[in-house]
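The values are calculated or read from the model by the stated rules, or taken from the named source; none is laboratory data. Bear in mind that the values here come from a model prediction, so they are computed numbers and not experimental data. Glycine also receives a Cβ, built like all others from the backbone with ideal geometry; neighbour counts cover every protein chain displayed. These accessible areas exclude ligands, DNA and RNA; they are computed on the full protein's heavy atoms, side chains included. Shrake-Rupley method; radii C 1.70, N 1.55, O 1.52, S 1.80 Å.
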Amino acid sequence: MEFADGRVSISANNPDLGEAVEEIEAEYKGKPISIGFNARYLLDVLTVLDSEGEVDIELKDELSPSVIRKTGKEGYLYVLMPMRL
């Protein structure tokens with residue numbers, strides 16, 4: 001995932017199936033950052049969250065754990081460890 005002003009670019013690469021890239025609008029404050037996550041773990045958290053609404057992802061740097069929360073949903077917190085790119 002690449003975070004920059006006004007957008008998030010999500011890419012996935014599988015040697016057997018190929019590569020995919022998707023870019024979405026996002027509110028992002030901070031310096032541009034490129035961070036990798038295990039897709040299965042990221043999908044786990046997104047599956048639990050409702051399909052509508054906003055998700056907050058708190059990032060420190062490329063090697064620190066990230067915190068994912070559903071905007072407006074109290075009591076739910078998911079910590080996701082990044083992978084080295």
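Can you name every residue in the range 19-50 that is closer than 18 Å to K73 by Cβ and of a type in the set (D, E, K, R)?
Answer for the range 19-50, where residues must be closer than 18 Å to K73 by Cβ and of a type in the set (D, E, K, R): E27, D44, D50.
So N14 passes all but one of these: (1) of a type outside the set (F, W, Y); (2) at pLDDT 90 or above; (3) exposed (fewer than 11 other Cβ atoms within 10 Å of the Cβ). Which condition number does it fail?
(2)
Just to be sure before I move on: is D56 in contact with a Ser or Thr (Cβ under 6 Å, 6 or more places away or on another chain), closer than 16 Å to E2 by Cα and not hydrophobic (A, V, I, L, M, F, W, C) in the structure I sent? Before the answer, list the steps.
Working: in contact with a Ser or Thr (Cβ under 6 Å, 6 or more places away or on another chain): yes; closer than 16 Å to E2 by Cα: yes; not hydrophobic (A, V, I, L, M, F, W, C): yes.
Spelling it out, D56 is indeed in contact with a Ser or Thr (Cβ under 6 Å, 6 or more places away or on another chain), closer than 16 Å to E2 by Cα and not hydrophobic (A, V, I, L, M, F, W, C).
For the range 22-52, give me each residue that is among the aliphatic types (A, V, I, L, M) and open to solvent by less than 90 Å² (accessible area, probe 1.4 Å).
Taking the range 22-52 first, the residues among the aliphatic types (A, V, I, L, M) are 24, 26, 33, 35, 39, 42-43, 45-46, 48-49.
Result: I24, A26, I33, I35, A39, L42, V45, L46, V48, L49.
Report every pair of residues separated by at least 6 positions or lying on different chains whose Cβ atoms are under 8 Å apart, first residue within the range 47-59 and assigned to a helix (DSSP H, G or I), second surrounded by 12 or more Cβ atoms within 10 Å (Cβ to Cβ).
V48/Y78
Filter the range 60-85 for residues that are farther than 14 Å from I33 by Cβ, free of Cβ contacts under 8 Å to residues at least 24 places away in the same chain and charged (D, E, K, R) and give the result.
R69, K70, E74
Could we say that L63 is in contact with a Gly (Cβ under 6 Å, 6 or more places away or on another chain) and open to solvent by 80 Å² or more (accessible area, probe 1.4 Å) here?
Details: in contact with a Gly (Cβ under 6 Å, 6 or more places away or on another chain): no; open to solvent by 80 Å² or more (accessible area, probe 1.4 Å): yes.
No: the conditions fail for L63.
On the basis of being in contact (Cβ under 8 Å) with a residue 24 or more places away in the chain, open to solvent by 80 Å² or more (accessible area, probe 1.4 Å) and within 11 Å of the chain's Cα centre (by Cα), does E2 make the cut? Please lay out each step first, then the result.
Values: in contact (Cβ under 8 Å) with a residue 24 or more places away in the chain: yes; open to solvent by 80 Å² or more (accessible area, probe 1.4 Å): yes; within 11 Å of the chain's Cα centre (by Cα): yes.
Against the criterion (in contact (Cβ under 8 Å) with a residue 24 or more places away in the chain, open to solvent by 80 Å² or more (accessible area, probe 1.4 Å) and within 11 Å of the chain's Cα centre (by Cα)), E2 qualifies.
Confirm whether E23 is in a strand (DSSP E or B) and either within 18 Å of V67 (Cβ to Cβ) or among the acidic types (D, E) (or both).
On the way: in a strand (DSSP E or B): yes; either within 18 Å of V67 (Cβ to Cβ) or among the acidic types (D, E) (or both): yes.
Answer is yes for this residue.
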